[in-house]
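Take a look at the structure set out below.
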Amino acid sequence: MRKDSEWNSKEVWKELDTKGKIQYFKDYYMVPIIAAIVMILIVGSFLYHIIFPKPGPKLYVAVYDLTLDSEASDALKAELASKVGSEVSPEQIVIDDTFRSDSPKDMERLQVLVANHSIDVVIANDKTTKQLAGFGFLVNMKDVLDKSIIKSLSDENKLLITPGFDDEEKSISIEDNGNGKGEAQPYAVRIDGSEEWKKLAGDFRDYRNFSIVMDADHQDNAKSFLNELLDTEF
């Protein structure tokens, strides 16, 4: 039966003129060929992303309650990438200014990022910084900066000292009653006097604090970012 069908198709093809052959091809072969090409492209794209996954951020910064200047942000990322090294591109530095302190969803989003080690720095005002330190989300700056740097920042009144999370508590959930019961430590560096920061944020009334997130995967890049903001070397 199939041979008869194939023979009939060949006979029909021989009888058709050029215009008829084009129409015959469109009617019987174009749709399957296009479908096959689309399927090949989809499968190829899927395999490519598995074999060559897109590199994630090498520095993720969450900025609370401010809308930053996009051009200044891009310039700062390019400058920082050039100083960090060839392994980091400006596209791998994320400065996310969509976080709002009055949004429960943003707090949940931050908690997920912290748990997944997907965030490195938080920049926020005093109230939010103290809250996050109490939740156990921020690292004690004494643990990441040299003693001489801590002393210098302290002498210049650039450290935010606030109670942290009680180490005896097992959870860092935002519903935990033990929040803010830990020892007061420097959990942030004030950057409101930074010229680089002013380019990003413009004039503002609240103090702005730079904090490194607990167990951040890119603490060295976070410190490089702080160096860039304060125009110093740690």
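Quick note: the coordinates plus some simple rules give every number you see, no bench work behind them. Values in this document were obtained by computation on a predicted structure and should not be read as measured data. Heads up, the Cβs are rebuilt from the backbone with ideal geometry, glycines too, and the neighbour counts pull from every protein chain shown.
For L59, nonlocal amide neighbours, meaning residues 5 or more places apart or on other chains whose placed amide H falls under 5 Å from its own, are V94.
The spread of Cα positions in segment 59-230, taken along each principal axis and listed from longest to shortest, comes to 42, 37, 34 Å. Note that segment 66-73 has calculated 3J(HN,Hα) couplings of 9, 10, 8, 6, 5, 5, 5, 5 Hz, one per residue in order, obtained from phi through the Karplus relation 6.51 cos²θ - 1.76 cosθ + 1.60 (θ = phi - 60°); glycine and proline are x. Among residues other than D96 with Cβ under 13 Å from its Cβ, the summed charge is -1 (Lys and Arg +1, Asp and Glu -1). At full extension, S148 and F25 could sit 36.4 nm farther apart than now, given 0.36 nm per residue minus the alpha carbon distance. Between D192 and K83, the FRET efficiency from the beta-carbon distance, with R0 = 30 Å, is close to 0.85.
If one computes the Cα centroid of segment 211-232 and of segment 93-143, what distance in Å separates the two points? Distance between centres, Cα-based: 14 Å.
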